[in-house]
1. I'd like to verify a number: residues in segment 71-81 that are within 12 Å of VAL91 (Cβ to Cβ) and exposed (fewer than 15 other Cβ atoms within 10 Å of the Cβ), how many?
2. Could you check ASP93 against (1) within 10 Å of the chain's Cα centre (by Cα); (2) crowded, with 18+ Cβ neighbours inside 10 Å; (3) of a type in the set (Asp, Glu) and say which number it fails?
3. Taking the options GLN68, GLN51, GLN60, name whichever one is open to solvent by less than 50 Å² (accessible area, probe 1.4 Å) and either over 18 Å from PHE37 (Cβ atoms) or in contact with a helix residue (DSSP H, G or I) (Cβ under 9 Å, 6 or more places away or on another chain) (or both).
Amino acid sequence: MTAVQPFSGGWLDDEAGPVVRPYALTGGRTRPSGQRFDLLDMVRAVRGAAQELPRLTPEQGDLLLRCQMPAPLAELAAGLDLPVGVIRVLVSDMRERGLVTMHRAQPVGLNDLKILQEVVDGLRRI
């Protein structure tokens with residue numbers, strides 16, 4: 001039997017890692033509400049959102065602090081060591097509360113012949 005011991009911000013099981021499971025952080029939800037966003041979409045805290053820190057979960061508070069400057073969703077997930085699906089749900093909740101804004105990544109023109117030619121050339125080199 002392994003010991004469960006406190007660490008900064010939660011509980012840690014010596015063998016299993018964090019005891020709090022991702023679904024507990026999202027209230028059991030697996031999908032964000034509202035408009036879906038991509039891994040490269042930028043998240044930015046709105047001005048004055050830091051006043052809400054006492055009312056946020058620790059994970060939402062960390063997210064809010066990390067996106068004072070625009071940060072891609074994937075980078076936030078990596079920085080907090082949480083699954084992207086969890087970050088999407090947390091960010092969508094914060095967006096609904098008016099704490100963050102989302103900026104869509106500009107899609108790369110897949111019709112651009114130069115890009116397609118570079119892909120073909122790369123595949124031929126393999």
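1. 1
2. The failed condition is (1).
3. The unique qualifying residue is GLN60.
The values are calculated or read from the model by the stated rules, or taken from the named source; none is laboratory data. No experiment lies behind these values; they were computed from the predicted model shown. All Cβ positions, glycine included, derive from the backbone under ideal geometry; neighbour counts span all protein chains shown. Ligands, DNA and RNA are excluded from the accessible area calculation, which covers all protein heavy atoms including side chains. Shrake-Rupley method; radii C 1.70, N 1.55, O 1.52, S 1.80 Å.
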